Amino acid sequence: MEKLNGKKINTAVFISGRGSNLRSLIEYYKKKKSPILIKLIISNNPSAKGLVHAKSSKIKTCIVNFKNKNFSENNLLKILINNKINLICLAGFMKILSENFIKKFKKPILNIHPSLLPKYKGLNTHKRVIKNKEKFSGSTVHLVSSKLDSGKIILQKKIKVSKNENEKSLEKKILKIEHKLYPKAIEKFLLSL
Ligand code: GRF
């Protein structure tokens, strides 16, 4: 992994849907002082809404359908190598990358998850948080390991769950903090290398 010696880190962002975190990462990378250069957007879903942000910023996109996981991941590795990608940021990417892929890529992979990990790994976090009447929730940026939502935590932000909170309002609150948290976590992570 290249260190932060004035050189920007070639980054690929993986998405599957809305892409609001992608949008905030694009805003971040466009800042002069940003340590990353988003070279590539990968999506497993050709109709992911977030792809509009890639288009409007003229960032190269690649659709990799994960129908045959092994084949797709090998293809993906070639694309990442050809584009000299040194960092992957998963942002609402709904496929689980295999242990083999993580090992072969060798470079760091980050993910953002909408809960205070290690609590509420997996899907439907907001629904479960509300059902369990949690007083707090939040978001976590972590390194991706072969176990779902379990890699080393880089940064976390906590918010209060209101008494009358519902899934939608909680999602909205958390997305808002995520858009600041992900760039901050990337910066912290890269400075720690
Ligand atoms: C975010 O809440 C993120 O934490 C989770 O999926 C959601 C993606 O939202 N992994 P968006 O596509 O970035 O708007």
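Hey, can you tell me all the residues within the stretch 102-111 that are touching a helix residue (DSSP H, G or I) at 6+ places or on another chain (Cβ under 9 Å) and either within 16 Å of the ligand (Cβ to nearest atom) or open to solvent by 80 Å² or more (accessible area, probe 1.4 Å) (or both)?
Going residue by residue through the stretch 102-111, those that are touching a helix residue (DSSP H, G or I) at 6+ places or on another chain (Cβ under 9 Å) are 104-105, 107-110.
Passing the criteria: K104, I109, L110.
Residues in the stretch 52-76 that are among the aliphatic types (A, V, I, L, M) and buried (at least 16 other Cβ atoms within 10 Å of the Cβ): A54, I59, V64, L76. Of everything in the stretch 69-101 that is away from the ligand (no atom under 16 Å from the Cβ), within 17 Å of the chain's Cα centre (by Cα) and in contact (Cβ under 8 Å) with a residue 60 or more places away in the chain, the residue that is nearest to L25 (Cα to Cα) is L87.
Cβ-Cβ distances below 6 Å connect the following pairs, each with a first residue in the stretch 15-27 that is among the β-branched types (V, I, T) and more than 8 Å from the ligand (Cβ to nearest atom), a second residue that is at pLDDT 95 or above and open to solvent by 10 Å² or more (accessible area, probe 1.4 Å), and a separation of six or more residues or different chains: I26/H53; I26/S57. Considering K7, K31, K39, K49, the condition of being open to solvent by 10 Å² or more (accessible area, probe 1.4 Å) and either within 11 Å of the ligand (Cβ to nearest atom) or aliphatic (A, V, I, L, M) (or both) is satisfied by K49 alone. Of the residues in the stretch 155-162, none is modelled with pLDDT of 95 or more and part of a helix (DSSP H, G or I). All told, G138 meets the bar of being crowded, with 18+ Cβ neighbours inside 10 Å, of a type in the set (G, A, S) and over 13 Å from the mean Cα position of the chain (by Cα). Are any of the residues in the stretch 77-92 farther than 20 Å from I38 by Cα and either open to solvent by 10 Å² or more (accessible area, probe 1.4 Å) or at pLDDT 95 or above (or both)? Looking for residues that are farther than 20 Å from I38 by Cα and either open to solvent by 10 Å² or more (accessible area, probe 1.4 Å) or at pLDDT 95 or above (or both), one finds none in the stretch 77-92, hence no. Among residues of the stretch 168-186 that are within 13 Å of A91 (Cα to Cα) and more than 9 Å from the ligand (Cβ to nearest atom), those with a beta-carbon under 9 Å from a residue that is open to solvent by 30 Å² or more (accessible area, probe 1.4 Å) and in a helix (DSSP H, G or I) at least six positions away or on a different chain give the pairs P183/E27; P183/Y29.
Please determine, by comparing only the residues of the stretch 28-45 that are free of Cβ contacts under 8 Å to residues at least 60 places away in the same chain and in contact with a strand residue (DSSP E or B) (Cβ under 6 Å, 6 or more places away or on another chain), which one is farthest from L80 (Cα to Cα). It comes out as Y29.
The values are calculated or read from the model by the stated rules, or taken from the named source; none is laboratory data. As the structure is a prediction and not an experimental result, all values here were calculated from the model. Every residue, glycine among them, receives a Cβ derived from its backbone with ideal geometry; neighbour counts consider all protein chains shown. Just the protein is used for accessible areas: all its heavy atoms, side chains included, with ligands, DNA and RNA removed. Shrake-Rupley method; radii C 1.70, N 1.55, O 1.52, S 1.80 Å.
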